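The values are calculated or read from the model by the stated rules, or taken from the named source; none is laboratory data. Bear in mind that the values here come from a model prediction, so they are computed numbers and not experimental data. As a convention, Cβ positions derive from the backbone with ideal geometry for all residues, glycine included, and neighbour counts pool all protein chains shown. The protein model used for the area step is the full one, side chains on, heavy atoms only, and it has no ligands, DNA or RNA in it. Shrake-Rupley method; radii C 1.70, N 1.55, O 1.52, S 1.80 Å.
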Amino acid sequence: MLPIFEALSNCLHSIETKLGNAAIGGGHIAIQFHNTNDPKNFLVSVEDDGIGLNDENFRSFLTPFSGLKLEKRGRGFGRFIAFKVFERIHYQARDQVDSGLRSRTFRFNIYDRREIIFFDGEPDFSGTGVKVEFNEPKEEWHEIILHLDASTISDELAEHFLPEFLKGQLPEIHLEVDGVVTHLSGEFATLFNATSSGTFVVEIDKKPETLNYTVSKIPRTRRFNQNSLMFSAGGRIVGVPKDLGQKLGRPFFLDSNDEKYIVVAVISGEAFEKRLNDSRTSINITPKEIETIVTKVAEVIEETESDQISKIKDAQRKELSSALVENPILRMGLKGETLDEYVRKKPNSWGADQFVSDLALKRYRRSEDISESIAKATESEQAYFEEIRDLVKDLGEEKRDALAEYVVHRRKVISLVEAARRFDNDEKLPPKTRYII
């Protein structure tokens, strides 16, 4: 899909150049897929009614890494990507000159010493604009083409240009797959409605950078099926979406009608534009910096989805409470915190096992601290009782109750064991036995 993405990006720039601010809702782009599951006859065309290949654009077309594309946050060689997938790329273009309309029809072929091979004839569309056709896919792509379908193509386009859909600043875009037409801009502008937006600051390359975020809630679909974060640069999504399920505690949420929905966050900023690689497929930042950004975004979503997070925390609290009924001694691991305070600080994805493991470790460390304190305190009777009072004070009301319950329970067990040691079933004194309480 990368050649189609690049062609569509060029269409957007062309319409923007022609119409300026009127490009919002103005202009038209048509994307057509023919013989979708037939690799030998497969053909894709992308057509716009923008400014066309005027002299400036044509010079830029002939110049790799052109300054004109760099101004529009492009890299100036997107058209070369097409040759990784297709053997044949054909252009039709028409632009406005003083004498009227001028046409250019040519084949672009980097494997031919001429590169540009002009043809006679007029473009098969009216007015100004450009139409590029891709066909004769390379053999390694045949298997993928065999399994293409309209839904996959539509979702790929929507995901890649999600930042533009969120802005609502797209021209009319129609996708036709073997005769079936979808109004992409209308369909996805309705689907992707931003629910919140803002900025936050993170450190990238040891410098503070301001990043922009936009959060949307959308129905869960086959393509958009989990809470995720997407990085945007050059007006498009770059790289693979990051899963937010672990951070948020759920891969998706349920609304008041029990309908599944997901939250999608899109992050952009000048820091990404400067670090976008030449093929526009990744942003050069470290995994640690990515993790910091993911955490920041998760915190933003936790605020916007506070009701959902509250449900998760309530479920965690109930699950942990049940575990503590069976293991009351683990309350020592709370170290003076209430159950609410403790659960609130822990990951939303934790279940009872993680909580029990964490509290068991904290309880062990707490027991070690208490034993050490008692050992020191026993050197002096007064210090001993003062230390005991301080330790009990630190336990808190909830833990003192649990401790009292445990002490009573332990005393009863000791009494029963002592009674059992005195006599056997014949009311004779049994042999001495060691009991561990």
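Some observations on this one:
- Taken as a whole, the structure places Gln169 among residues that are within 30 Å of Phe33 (Cα to Cα) and either open to solvent by less than 40 Å² (accessible area, probe 1.4 Å) or at pLDDT below 90 (or both).
- Residue in the stretch 44-56 that is farther than 19 Å from Thr128 by Cβ, at pLDDT 90 or above and surrounded by fewer than 16 Cβ atoms within 10 Å (Cβ to Cβ) present: no
- Filter result for the condition that a residue is modelled with pLDDT of 95 or more, more than 30 Å from Lys288 (Cβ to Cβ) and either touching a Ser or Thr at 6+ places or on another chain (Cβ under 7 Å) or of a type in the set (D, E, K, R) (or both), over Glu140, Glu115: Glu140
- Note on the stretch 250-274: among residues that are open to solvent by less than 30 Å² (accessible area, probe 1.4 Å) and of a type outside the set (A, V, I, L, M, F, W, C), the one that is nearest to Gln308 (Cα to Cα) is Tyr261.
- Scanning the stretch 143-181 for residues that are in a loop (DSSP other than H, G, I, E, B) and within 20 Å of Pro3 (Cα to Cα) yields a count of 7.
- Counted residues, the stretch 104-137 - those being in a strand (DSSP E or B), closer than 24 Å to Leu2 by Cα and in contact with a helix residue (DSSP H, G or I) (Cβ under 8 Å, 6 or more places away or on another chain): 6
- Residues in the stretch 172-193 that are surrounded by fewer than 20 Cβ atoms within 10 Å (Cβ to Cβ) and at pLDDT below 80: Gly186, Glu187, Ala189, Thr190, Leu191, Asn193.
- Considering residues of the stretch 57-80 that are farther than 12 Å from Asn10 by Cβ and at pLDDT 80 or above only, the residue most open to solvent (accessible area, probe 1.4 Å): Arg59
- Evaluating Leu146 against the criteria (1) without any contact (Cβ under 8 Å) to a residue 12 or more places away in the chain; (2) surrounded by fewer than 13 Cβ atoms within 10 Å (Cβ to Cβ) leaves one unmet condition, (1).
- Pairs, first within 11 Å of Gly127 (Cα to Cα) in the stretch 83-101, second among the polar types (S, T, N, Q) and outside any strand (DSSP E or B), C-beta under 6 Å, six or more apart: Arg94/Thr128; Asp95/Asn54; Asp95/Thr128; Gln96/Thr128
- Listed conditions (1) modelled with pLDDT of 90 or more; (2) open to solvent by less than 40 Å² (accessible area, probe 1.4 Å); (3) of a type outside the set (Ser, Thr, Tyr) are all met by Leu330, apart from (1).
- For beta carbons closer than 7 Å, sequence separation of 6+ or different chains, a first residue in the stretch 45-68 that is more than 10 Å from Ala93 (Cα to Cα) and a second that is at pLDDT below 80 and of a type in the set (A, V, I, L, M), the qualifying pairs are Glu56/Leu68; Ser60/Leu68.
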